[in-house]
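S.K.: Structure provided below as C-alpha cells; questions to follow.
The values are calculated or read from the model by the stated rules, or taken from the named source; none is laboratory data. It should be emphasised that the depicted structure is a prediction, and the values quoted were computed from it without experimental measurement. So basically every Cβ, Gly included, is an ideal-geometry build from the backbone, and we count neighbours across all protein chains shown. Quick note on the areas: whole protein, heavy atoms, side chains included, nothing else; ligands and nucleic acids left out. Shrake-Rupley method; radii C 1.70, N 1.55, O 1.52, S 1.80 Å.
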Amino acid sequence: MDAMTTDDEQEMEEASQYRFRGGGDFILDTPEVPEPLWGSGPETLWADGEALIIAGPQGSGKTTLAQQIVLGRLGVPPYSHLLGYPVAPSRWGTVLYLAMDRPRQVARSFRRMLGAEEIHADVQRDESYWRDFLNRDLKVWQGPPLYDMAKYPSLLRAMAYDVSAETVIVDSLKDAAVGLSDDEVAAGYNRARQNLIANNVQLIELHHQRKVPSGLKASHPTIDDLYGSTWLTSGVGLVLMLTGSPGDPIVGLHHLKQPAEEVGPLKVIHDHETGRSKVWHSVDLITLASTGSGITAVDAARALFDADKPTAAQKEKARRRLDRMVNGGVVRVAEQGDVATKTPRRWRSL
C-alpha cells in the first residue's frame, strides 16, 4: 500500500470533523414529497437538496432559464414565477454564479432582464439601488476556475463558503472539469457536487447534449442524450432538456429526471429582448377529455409526447397523469375498459 501523503492526512482530518445523524432523524425528518425550490407540490422542477441539470444545444436558452431562477431566488418580484411555477426565494445566503462560459454574454443577458418593464417602471429604485443590491446578494466568478474541480473536489464547496452562498449556478459543466466523457473525471466532479449539496447548498448546472447528426432534431430526448459519463446524471435529482436550434424563439422543454411527478413536455417561448420565458403551449388534457366520448391513455400520450405511436412508458405516464386528474376532481373515468375484449379505459371531463 502506498504511504499516506500530507494531502491524504489533511483530508482524513477534515473528514473526522463531519457530524453523523441518527438514522431516525435522517429518515423521518425527510418529507415524503420533495420541497420544491422551483415548482409546486409534486410538480417539482428543482428540489431542495437535489442538484438540477439544465441541458440542451447551444442557444436553446439554458442560461436564460438559469438567470430567471437566480432573480427569483434573489426575490426580484417579476421573477417570483417561471413557466407558471413559483421560484422559492433564498432563505439565508447569497447566490454564486460561476460565469465560466462567455461571461460577457451572461452579463448582457442579466442586464436585459433588469431592464424589463416591471423593474424599469419602479422609479423608487434607480440603477444605484440595483447595483448595491446585486453587489450584496449576487456574487459572480468570471472565467474558468482556478483549478479543475474534478481534480480538486473541495474547490466548489470552498468557493461557495467564501461568499456564504446558499445557491450556486455552474455555467457550464464543460468549464468546471475537463474530460467529462471519462468516468474518472465525471466521478471526481460528482464528488465536488456532493460535497456542496451535503453542506446545504443548492446547485444548478448547465450542460450540453451529445452532438447529433446534422438535420436531426431530438423531439423526444432521453437522459442518454446528455454529453459525458453516466456519473454526471447519476448524481443529480433532476434533469431538464431543452430542444431546438440555436436562436429558436420557441423550444421544447422535457423533464427527463424528476423526484416526483413529471412536468410537461412544454413548448417554451424566449423573449430575447427582455430575457423572459413563458409557456407557449402545453397540452390541455381536460379540454381533450371533454370532446366526444373522452380520451384513452393512448390518446393522451399522443398529445403529450407528440408521438403517432407512443411507447409503453409514454402510455403509462399518460395513464398516471389522467388518474391524478381523477383524484384532483377534474376528470372522471367514463369507461373502465376490459382487457379481455381489448376495450380501453376512457376518461371524460366533469
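S.K.: Surrounded by 23 or more Cβ atoms within 10 Å (Cβ to Cβ), hydroxyl-bearing (S, T, Y) and touching a His at 6+ places or on another chain (Cβ under 9 Å) - does that describe any residue in region 92-100?
M.R.: no
S.K.: Which count do you get for residues in region 146-175 that are of a type in the set (G, A, S), in contact with a Gly (Cβ under 8 Å, 6 or more places away or on another chain) and part of a helix (DSSP H, G or I)?
M.R.: So the count comes out to 0.
S.K.: Any chance you could count how many residues in region 142-157 are open to solvent by 40 Å² or more (accessible area, probe 1.4 Å), within 21 Å of Y227 (Cβ to Cβ) and not basic (K, R)?
M.R.: Within region 142-157, residues that are open to solvent by 40 Å² or more (accessible area, probe 1.4 Å), within 21 Å of Y227 (Cβ to Cβ) and not basic (K, R) number 1.
S.K.: Only one of (1) open to solvent by less than 80 Å² (accessible area, probe 1.4 Å); (2) aliphatic (A, V, I, L, M); (3) closer than 19 Å to S290 by Cα is not met by L350, so which one is it?
M.R.: Every condition holds for L350 apart from (1).
S.K.: Need the failing condition index for F305 against (1) touching a strand residue (DSSP E or B) at 6+ places or on another chain (Cβ under 9 Å); (2) more than 19 Å from R332 (Cβ to Cβ), just the number.
M.R.: Single failed check for F305: (1).
S.K.: Further question: Any residue at all in region 327-341 that is open to solvent by less than 50 Å² (accessible area, probe 1.4 Å) and in a helix (DSSP H, G or I)?
M.R.: no
S.K.: I need the full set of residues from region 158-187 which are farther than 16 Å from R91 by Cα and surrounded by 21 or more Cβ atoms within 10 Å (Cβ to Cβ), in order please.
M.R.: Answer for region 158-187, where residues must be farther than 16 Å from R91 by Cα and surrounded by 21 or more Cβ atoms within 10 Å (Cβ to Cβ): I169, V170, D171, S172, L173, A176, A177, L180, V185, A186.
S.K.: Residues that are touching an Asp or Glu at 6+ places or on another chain (Cβ under 8 Å) and open to solvent by less than 80 Å² (accessible area, probe 1.4 Å): which strands (runs of 3 or more DSSP E) entirely in region 18-57 hold 3 or more of them?
M.R.: Because the criterion is at least 3 residues that are touching an Asp or Glu at 6+ places or on another chain (Cβ under 8 Å) and open to solvent by less than 80 Å² (accessible area, probe 1.4 Å), the strands (runs of 3 or more DSSP E) in region 18-57 that meet it are 43-47, 52-55.
S.K.: Pull out all pairs, ordered by first then second residue, where Cβ-Cβ is under 7 Å, the residues are six or more apart or on different chains, the first lies in region 20-43 and is under 19 Å from R324 (Cβ atoms), and the second is acidic (D, E) and surrounded by 10 or more Cβ atoms within 10 Å (Cβ to Cβ).
M.R.: P34/D48; P34/E50; P42/E261; E43/E261
S.K.: Which of the following residues is open to solvent by 50 Å² or more (accessible area, probe 1.4 Å) and closer than 28 Å to S80 by Cα: P344, P249, P265?
M.R.: The unique qualifying residue is P249.
S.K.: Would you confirm, using the coordinates I've provided, whether P103 is under 15 Å from the mean Cα position of the chain (by Cα) and without any contact (Cβ under 8 Å) to a residue 60 or more places away in the chain?
M.R.: no
S.K.: Would you tally the residues in region 68-81 being surrounded by fewer than 21 Cβ atoms within 10 Å (Cβ to Cβ) and within 17 Å of D271 (Cβ to Cβ)?
M.R.: So the answer is 2.
S.K.: Something else about it: Pairs needed: first member in region 247-275, closer than 26 Å to T30 by Cβ; second member anywhere, of a type in the set (D, E, K, R) and in a loop (DSSP other than H, G, I, E, B); C-beta distance under 7 Å; at least 6 residues apart or different chains.
M.R.: Partner pairs satisfying both residue conditions: H255/E262; P259/E50.
Yes or no, residue by residue, for (1) more than 30 Å from D182 (Cβ to Cβ); (2) open to solvent by less than 50 Å² (accessible area, probe 1.4 Å):
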residue: H255; (1), (2): no, yes
residue: K278; (1), (2): yes, no
residue: A289; (1), (2): yes, yes
residue: G294; (1), (2): yes, yes
residue: T311; (1), (2): yes, no
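S.K.: Let me ask something else about it. Is there any pair linking a residue in region 322-341 that is closer than 14 Å to T296 by Cα to one that is of a type in the set (S, T, N, Q) and open to solvent by less than 40 Å² (accessible area, probe 1.4 Å), with Cβ under 6 Å and at least six apart or on different chains, and which?
M.R.: Cβ pairs passing all conditions: V331/S349.
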